[in-house]
1. Quick check, is Asp82 in contact with a strand residue (DSSP E or B) (Cβ under 6 Å, 6 or more places away or on another chain), on the phi < 0 side of the Ramachandran plot and either at pLDDT 95 or above or not polar (S, T, N, Q) (or both)?
2. Which members of the range 275-316 meet the condition of being among the basic types (Lys, Arg) and under 21 Å from Leu183 (Cβ atoms)?
3. For a quick check of your reading of the model, give me the residue pairs whose first member lies in the range 57-70 and is assigned to a loop (DSSP other than H, G, I, E, B) and buried (at least 22 other Cβ atoms within 10 Å of the Cβ), whose second is aliphatic (A, V, I, L, M) and modelled with pLDDT under 95, with beta-carbon atoms closer than 8 Å and at least 6 apart or on different chains.
4. Within the range 196-213, can you find the residues that are within 30 Å of Lys71 (Cβ to Cβ) and in contact (Cβ under 8 Å) with a residue 60 or more places away in the chain?
5. Scan the range 286-301 and give yes if some residue there is in a loop (DSSP other than H, G, I, E, B), open to solvent by 30 Å² or more (accessible area, probe 1.4 Å), of a type outside the set (D, E, K, R) and out of contact with any Leu (no Cβ under 8 Å at 6 or more places or on another chain), otherwise no.
6. Are there any pairs, at least 6 apart or on different chains, whose C-beta atoms fall under 8 Å, with the first in the range 214-233 and at positive phi and the second open to solvent by less than 50 Å² (accessible area, probe 1.4 Å), and if so, which?
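The values are calculated or read from the model by the stated rules, or taken from the named source; none is laboratory data. Here the structure is a predicted model, which is why all the values come from computation and not from measurement. Counting neighbours? That spans all protein chains shown, and the Cβs are built from the backbone with ideal geometry, glycine included. In case anyone asks, the SASA skips ligands and DNA or RNA and just uses the protein heavy atoms, side chains included. Shrake-Rupley method; radii C 1.70, N 1.55, O 1.52, S 1.80 Å.
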Amino acid sequence: LSGSLMSLYSEGELGSVAVRGCVQFSLRYDPAKKELQVHVLRCRELAEAKKQRSDPYIKTYLLPDKSNRSKRKTTVRKRSLDPVFNETLKYKLEKRDLQGRTLNLSVWHHDSLGRNLFLGEVEIALGTWDWANTSPEWFSLQPRVRVPVGWVGGVGRVQRGGVPLTPPPPSPAGGGMPPTGELHIWVKDAQSLIPLQSGTVDAFVQCYVLPDDSKASRQKTRVVKRSLNPLFNHTMVYDGFQAKDLAEACAEFTLWHHEAFAKRQLGGIRLSLGTGRDYGLPVGWMDSTAEERGVWGRLLQQPGQWVEALLPLRTN
């Protein structure tokens, strides 16, 4: 994740100030309670929201979850540019689910009309955090980063392997149709999914090889219930391909939550060369990211060999 999500700032705002100052906090994971603890101590030299004063409070999210379920707040400290909070904000989750999460901690001035003023933020990538370090540290507050249109967010990661073409059978004497091979896709697992309101996910993966989006092209894994790290271990096989066909094709994977009478899409990836065109015609689904294009390129360069990848899910 890079920068803050605009939707995090859903609370109404009035004007803006130049961000300055620092915030002091510590991080700790309690394995007995399965709990992330964010101990917010104090801020120093905050910007003035009004004449020589601010009424600050602190808000946190565990990105990429930007819902109210992920939001935590401290109490408001009135009339202080150097407020002392000494509060602990807590999140219940498994330690392995911290991989791929980012702690967004922001400081706000509380306005009585509910139009609050942003005073700065800090973001910590929890996947690389040193959990042996539980001492409070000072962090300089940063201005928020507006996310450009087309930003791609992650709600988990999906691991896959694939074989682009199996060796074709020998051509019959006299020629005939050119030989074709098979595309093998092994959907292994998904990792660090964001829990829904139920606190978990009943996940399955669905696949098409575009431009064929017919039922004949659709393949699915089984549903893995009540898991944020579902293991599918499912192989999908598509036949009738020549090597040149794969350069114009796109393997689209979508991750879904299964409900009793419906399903909810959680994200997806598209493996292709990302040219934006299919046999010369512009198409919207040839929009693979650089990481997705890299995986598909390796498949085309290494026929008959497995290529593994762990890719972030897109929400668009």
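1. Working: in contact with a strand residue (DSSP E or B) (Cβ under 6 Å, 6 or more places away or on another chain): yes; on the phi < 0 side of the Ramachandran plot: yes; either at pLDDT 95 or above or not polar (S, T, N, Q) (or both): yes.
Yes, satisfied.
2. Within the range 275-316, the first condition is being among the basic types (Lys, Arg), and the residues that meet it are 277, 293, 298, 314.
If the condition is that a residue be among the basic types (Lys, Arg) and under 21 Å from Leu183 (Cβ atoms), then Arg277, Arg293, Arg298 are the ones that fit.
3. Partner pairs satisfying both residue conditions: Pro64/Leu1; Pro64/Leu5; Pro64/Val155; Pro64/Ile194.
4. Filtering the range 196-213 down to residues within 30 Å of Lys71 (Cβ to Cβ) leaves 196-205.
Correct list: Leu196, Gln197, Val201, Ala203.
5. Just the residues of the range 286-301 that are in a loop (DSSP other than H, G, I, E, B), to begin with: 286-289.
Next, only the ones that are open to solvent by 30 Å² or more (accessible area, probe 1.4 Å) stay: 287, 289.
Still in the list and also of a type outside the set (D, E, K, R): 289.
When the remaining residues are screened for being out of contact with any Leu (no Cβ under 8 Å at 6 or more places or on another chain), the result is 289.
There is at least one residue in the range 286-301 that is in a loop (DSSP other than H, G, I, E, B), open to solvent by 30 Å² or more (accessible area, probe 1.4 Å), of a type outside the set (D, E, K, R) and out of contact with any Leu (no Cβ under 8 Å at 6 or more places or on another chain).
6. So the pair list comes out as Arg226/Thr200; Arg226/Val201; Arg226/Asp202; Asn233/Val187; Asn233/Lys188; Asn233/Asp189.
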